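Heads up, the thing below is written out as structure tokens.
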Amino acid sequence: MKLYCLSGHPTLPCNVLKFKSTTIMLDCGLDMTSTLNFLPLPLVQSPRLSNLPGWSLKDGNAFLDKELKECSGHVFVDSVPEFCLPETELIDLSTVDVILISNYHCMMALPYITEHTGFTGTVYATEPTVQIGRLLMEELVNFIERVPKAQSASLWKNKDIQRLLPSPLKDAVEVSTWRRCYTMQEVNSALSKIQLVGYSQKIELFGAVQVTPLSSGYALGSSNWIIQSHYEKVSYVSGSSLLTTHPQPMDQASLKNSDVLILTGLTQIPTANPDSMVGEFCSNLALTVRNGGNVLVPCYPSGVIYDLLECLYQYIDSAGLSSIPFYFISPVANSSLEFSQIFAEWLCHNKQTKVYLPEPPFPHAELIQTNKLKHYPSIHGDFSNDFRQPCVVFTGHPSLRFGDVVHFMELWGKSSLNTVIFTEPDFSYLEALAPYQPLAMKCIYCPIDTRLNFIQVSKLLKEVQPLHVVCPEQYTQPPPAQSHRMDLMVDCQPPAMSYRRAEVLALPFKRRYEKIEIMPELADSLVPMEIKPGISLATVSAVLHTKDNKHVLQPPPRPTQPTGGKKRKRASDDIPDCKVLKPLLSGSIPVDQFVQTLEKHGFSDIKVEDTAKGHIVLLQEAETLIQIEEDSTHIICDDDEVLRVRLRDLVLKFLQKF
Amino acid sequence: MDPECARLLPALCDVLADPRQPVADDTCLEKLLDWFKAVTEAGSSLLLLQDHPCLVELLFHVLKPQDLSSRILSFVLRLAGIFAAQENCFQYLQGDPSLFVASAAGQLLVRVLDLALCGPAEGHISLQAWDWPACARKIVCHLEDCLRSEATPRVTQALHVLTTAFGHCHGLWTQGLWVQLSPLVARLLEKDPVPAPHALVDLLLSVARSSMLSSDPGLWETAAQTLSRLSPTQAGPLAAGILKLQDCPQALRIQAFGVLLQPLAFVLEATAQAPGMPGLLEGAAGDLMAVDTLPPSKSACVGLLCSALAHLELLQPLPQRPSPWPQAPLLAAVVAILRLCNGSAAPNSEAGGRLCAMLGGCVRVQRAALDFLGVLSQGLGPQELVTQVFAILLEYLVSPDSSPTVLKKAFQATLCWLLSSAAPPGCCDLEPYAQLVLGELLSVLRKRLCSPCWEVRDSGLEFLTQMTRHQGGQAGFRQALLASEVPELTRQLLQDPESYVRASAVAAVGQLSSWGLLAAPSSPEHAATPQKTPLEELLLVLTTDSEGFPRRAVMRVFTEWLRDGYADVAEDPERFVARVLQAASGDLDWEVRVQGLELALAFLEQLLGPCGPSAVAPPGALAQALQALCRVQLFEFAFRSLFDCDRPVAQKSCDLLLFLRAKAIPSSNSQEAGDGPDVTSVEAALRRWQAGEQGQPLGELAPEAVLAVLRSMDLEALQDTLAESSDHVERSPQSLLQDMLATVGVLGDNEADCY
């Protein structure tokens, strides 16, 4: 059993598990932090961005000044943003049988895999995962395609040139494999390969293994996966949460008794408590708006935003903010808000019961009804007519490199009355802000990451007790900035195995059993013999039939009857035509008794020698040697067949036959 | 005992003795015991028993083995104790598994001992226990057996009995008992583990507090031994108890202090960045005690730290606290603990790392440490440490991860430190550093007042109120506050959805405007509508708020404003008082009405001079004052309140009218009732009010009529009636006996009911 690690990003995993005869890809997350090296794509022509000076080498050589621009001491690539794909060289991806998706954030690389590697398998995911994943991809494609960029920079990627660049460009990994965003056509084609599954549904893969998605409590439709055969069980834990937010709670019990537990997708901010962060978010929002400033919340169109809107729903009246407009701007805003209300069966119990009242499960329906929350596909069109300040704007993309958020950064960045509040933990907010410096706007960092923290992980591992834990190497040591915090790492016994990008891990357990079925008529013909209490043995002569990884023992074919003969069948004819089998022997030979028996039968001058493996009985007179070992007995005598048979029969007396 | 109770008693005794008729509720039995205690204290218990043979029967009845419930058993044992029964015949019951029975039996043993050894014969009682009366000797033997026993529960029992004996009895015989038993107690310390450590600590403290025994040097030896034998957690209460004693050997005090300091010393050691910082134990205990490791489990470690911090907190303000008090290392240790809790400490040592993991985010330790830190502000420290204190407090106040309760404590500790940093008295501005802190603090406060968590908004407002109360007059504070948005936010919180927050906002607005710190809002959109004055805003709260807390808070602010001569009030106090009283008199909340009377009293004092023996107001001033009081309709309010269905209101009103009468009518003059104006209509109205018909208005009242009514009313009698609690009928013993008989057998329904 092997694990091929195609992504080094702990929360955007992409691993391939070879288990029995199947090749299973676990998630295909797309690392978008690479886009932070690029200049933002402004929706409206930005003189500031277009006038940034080109970057030149220390020696004044300016041959890169078309590709690289400098802003407040940082250098950015002036080109269409590109993404860092999972490894494609480590394993032939056309051999992947299935891809299991655990949540909509972990499928963003899917089109790259399914459309460009010769992949012919099936993708499994839950319905909300697919629908919301589609929205995220659609938004991404839309953000990038609607700002066509004439130039595509590639010179800087040359290895010899990259060495000369300042950090972080210099240290960016595998830049040659970075790719532009996929197209909507590729998205549709990729999504058409997905087969929908429900929680706890058992899916057979070629009869060899069974995979089952379990609720993971992190997002709508988010799952962990069980991959098991008859005798082995691998659990794949991706983004999971034990907090009470909107999704169905995490199913922990089904993870018990795993041989291997692959642990990914823990919280990226282990020291920040989501509840405190929501409080911080609300306080800062209220403070800004009360002072007449605007609040910008860069966010994804689904996920935490539902919880934020719910908190704000309870908070705005008490904070006297009822008259402040909330805008949600995304090409998929409408679908996202509506989808959330229809996936009732995927929601937490509280929200499910609302559906039966009937009431919308999320209160943002009421915010929309009362006109407190308005949503628009983009800043163009209706929005520009309705736009009123001060206001709160939720919009993407959290990287601040594309999407409507770029416009608001340019618009509001100059005033210290305004605030940008970062809630998504995926991007370093300082790096995200770098191309907007100098910035007068206030910046607040309230990352809300509801995924498991290390305390919860250690409780979980105690509860489900896997034999082995495998996790990204980042989880096996404290974060570099807090090296003394030994509590901020996975702590289990035996210590977790760690992996990093482009590594192949041999998982530490061997398969020892295989299940084989016996046909009833064959089973009928067996004659078991009890060799010790509770254990019976029988010899089986059969044909092993293997198809679709299922093994069946069938009765051996009968010998073909000689045609034409009308002889009556005799009982002996039924016996299959195979060699008469010698009986199987079991038991051990007690040397003392054996010697006594030999003496009784007239042998004298017997000598016993102990060897490493057993004993040697020497019949000196007969010049014969009997070598008794645990699993074999040899009688060595010179050409005296009669003596050998006599001795053999004496040996056999001590053994059981069947 | 009154005849009615005597009549009921036999029936009750029958009920108590009958296991088939369970008594519904323990509290009845407790009340019954209280009553018997009162009865026996009032007269002879012997007579009582003679007059009521049913009681004796009950006592004997219980001796027969039967299925009596443990609560009846315990009741009868304690009753027997009260009657000071001569026989220790219930001794066998001492091991009863029921806690109540065991404790009652223990108490009984002590009473029997005391009875056998005290009284007139005391002079002849030998200090040697073998000369004691038979029953006393028997008890002592029993206790000795228990102390020698291997069974911890028996040891615990004996220790409990001894604790009670030394705690409650002060006869000479207690010395004899201690001499006899102390070797056995000391021997307990040789066992491993020491059995019943808590009970042992209780016993030693009880002995140490007893005036008869504390001179015994053996005691201090045992105590010292106990301190070193018990684990730090177990020894903590003993150490704290020893340090609170007025006099005990200095060496023991040092050792005890060392026990309390040990956990903090460990923290200091584990987190020390560089050597050089004086350790905690160096000054206090030298190298008597090595810095030991903390308990391995998180909960034990947290418990130990919390109790050490709590003990030290109680010790700090005591005059007999250890001296020299290691203020600086203590401060350093508390700061280190707080840093470990919020994850900002980066210790190098392995022990430090372990502490980090154990204390990270631990709310209990944070609260205990912040409490202690607040207390430590009473003694200052080196500037560098004070800087660290403010820094960590700010970290806690800023951190979104601080839980609301921790935040409240952090605010309180910050207030303590800011106030203690006010430069030398007289000059009263903050130290430059504290001034800097204040700036940051106000920006934190600004954010906290917007918190979605109401507890946080509430504690923010409380902090602001306190801070303003103490610093409202200081230029530095005023400047910083006025430059922040805090006053405006505070004003907005008058509309908070949570009533507690509105109440705190009322108090804060009251304080701020007392000091003239509530500037008119500057934002242009409000400029069009004229801004309400704080007085008008609070009046609005008083008349419209649906919850009691904010309205009560308004009344407190108003009373304070009236007393302190707040400008808006002082302009026209009569109008102010009239408006407030009108609102308060119709309020449904009795506390608001009481506060209304308090305000009326303040007004009276302003007109007639303060309360006191110093006689009657001069006639001219009196007439004027009475006119004013009539104009603000104070009398209507006061008379109405006199018959208020809530007793505290009526009492307060009674006090107010008595005060007024003392001021207005010379005592010699009180008989001149005849020649006053006709007050029959007023009196008729009052009678109707008394009967509950409150609708009737009093109409115009002339000062003379008021005086006449005051003369004619028997306010003293009314005061006496009101002083009797409203349930004085229900609380009579007769009622208790009736109730118990009535509810006999009705078990189950109110078993879960807690009184």
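The values are calculated or read from the model by the stated rules, or taken from the named source; none is laboratory data. Given the structure is predicted, the values throughout are model-derived calculations rather than measurements. A quick note on method: Cβ atoms are made from the backbone with ideal geometry, for glycine too, and the neighbour counts reach across all protein chains shown.
Summary table below
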item	result
Filter result for B:ALA570 (assigned to a helix (DSSP H, G or I) and either modelled with pLDDT under 90 or of a type in the set (Asp, Glu) (or both))	yes
Segments classed as strands (runs of 3 or more DSSP E), wholly inside region A:453-525, with at least 3 members that are of a type in the set (A, V, I, L, M) and either farther than 24 Å from A:SER254 by Cβ or out of contact with any Asp or Glu (no Cβ under 9 Å at 6 or more places or on another chain) (or both)	A:503-506
Test: B:THR233 is within 27 Å of the chain's Cα centre (by Cα) and closer than 20 Å to B:ALA333 by Cβ	yes
Elements of type helices (runs of 4 or more DSSP H) contained in region B:1-92, each with 1 or more residues being modelled with pLDDT of 80 or more and either farther than 16 Å from B:LEU108 by Cα or basic (Lys, Arg) (or both)	B:3-17, B:26-42, B:45-51, B:53-63
Filtered residues of region A:398-424 (kept if in a helix (DSSP H, G or I) and surrounded by fewer than 20 Cβ atoms within 10 Å (Cβ to Cβ))	A:GLU410, A:LEU411
Criterion (in contact with a Cys (Cβ under 9 Å, 6 or more places away or on another chain) and farther than 26 Å from A:GLN352 by Cβ) met by exactly one of A:SER258, A:SER238, A:SER229, A:SER276	A:SER276
Of residues in region A:294-343 being surrounded by fewer than 19 Cβ atoms within 10 Å (Cβ to Cβ), part of a loop (DSSP other than H, G, I, E, B) and in contact with a helix residue (DSSP H, G or I) (Cβ under 7 Å, 6 or more places away or on another chain), the one nearest to the other protein chains (Cβ to nearest Cβ)	A:GLY320
Residue within region B:443-451 that is out of contact with any Gly (no Cβ under 6 Å at 6 or more places or on another chain), of a type in the set (Ser, Thr, Tyr) and away from every other protein chain (no Cβ under 14 Å) present	no
Given (1) surrounded by fewer than 23 Cβ atoms within 10 Å (Cβ to Cβ); (2) at the interface with chain B (Cβ under 10 Å from one of its Cβ atoms), index of the condition A:HIS246 fails	(2)
One residue from B:GLU282, B:GLU313 being among the acidic types (Asp, Glu) and at pLDDT 85 or above	B:GLU313
Residue count, region A:156-174 (criterion: part of a helix (DSSP H, G or I) and either surrounded by 14 or more Cβ atoms within 10 Å (Cβ to Cβ) or on the phi > 0 side of the Ramachandran plot (or both))	5
Candidate set: region B:383-404, residues that are free of Cβ contacts under 8 Å to residues at least 24 places away in the same chain and assigned to a helix (DSSP H, G or I); chosen: the one farthest from the chain's Cα centre (by Cα)	B:GLU384
Among (1) modelled with pLDDT under 85; (2) in a helix (DSSP H, G or I); (3) of a type in the set (A, V, I, L, M, F, W, C); (4) surrounded by fewer than 19 Cβ atoms within 10 Å (Cβ to Cβ), the one test that B:LEU380 misses	(2)
Matching option when the condition is away from chain A (no Cβ under 12 Å) and either basic (Lys, Arg) or in contact with a helix residue (DSSP H, G or I) (Cβ under 9 Å, 6 or more places away or on another chain) (or both), among B:LEU330, B:LEU355	B:LEU330
Residue within region A:626-637 that is touching a helix residue (DSSP H, G or I) at 6+ places or on another chain (Cβ under 6 Å), at negative phi and not in a loop (DSSP other than H, G, I, E, B) present	yes
Residues (at pLDDT 85 or above and more than 29 Å from A:LYS657 (Cα to Cα)) located in region A:509-564	A:THR546, A:LYS547, A:LYS550
Residue selected from region A:228-243 under the condition within 16 Å of the chain's Cα centre (by Cα) and more than 20 Å from A:ASN453 (Cα to Cα), by the criterion surrounded by the most Cβ atoms within 10 Å (Cβ to Cβ)	A:VAL234
Options A:PRO40, A:PRO86: the member that is within 16 Å of the chain's Cα centre (by Cα) and either farther than 30 Å from A:GLU410 by Cβ or in a loop (DSSP other than H, G, I, E, B) (or both)	A:PRO86
Any hit, region B:144-158, residues being over 37 Å from the mean Cα position of the chain (by Cα), surrounded by fewer than 21 Cβ atoms within 10 Å (Cβ to Cβ), polar (S, T, N, Q) and at pLDDT 85 or above	yes
Region A:89-113 - residue that is over 17 Å from the mean Cα position of the chain (by Cα) and polar (S, T, N, Q) and, of those, nearest to A:SER399 (Cα to Cα)	A:SER94
Scan of region A:23-45 for residues that are surrounded by fewer than 18 Cβ atoms within 10 Å (Cβ to Cβ) and touching a helix residue (DSSP H, G or I) at 6+ places or on another chain (Cβ under 9 Å), ordered by number	A:PRO42, A:VAL44
Residue, nearest to A:ILE324 (Cα to Cα), within region A:353-393, restricted to residues that are β-branched (Val, Ile, Thr) and in a loop (DSSP other than H, G, I, E, B)	A:THR370
All positions within region A:265-284 that are within 10 Å of chain B (Cβ to nearest Cβ), assigned to a helix (DSSP H, G or I) and buried (at least 19 other Cβ atoms within 10 Å of the Cβ)	A:MET277, A:VAL278, A:GLY279, A:GLU280, A:PHE281, A:CYS282, A:SER283, A:ASN284
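Matching residues to (1) surrounded by 11 or more Cβ atoms within 10 Å (Cβ to Cβ); (2) among the acidic types (Asp, Glu):
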{"site": "A:PRO494", "(1), (2)": "no, no"}
{"site": "A:MET497", "(1), (2)": "yes, no"}
{"site": "A:GLU503", "(1), (2)": "yes, yes"}
{"site": "A:ARG511", "(1), (2)": "yes, no"}
{"site": "A:HIS551", "(1), (2)": "yes, no"}
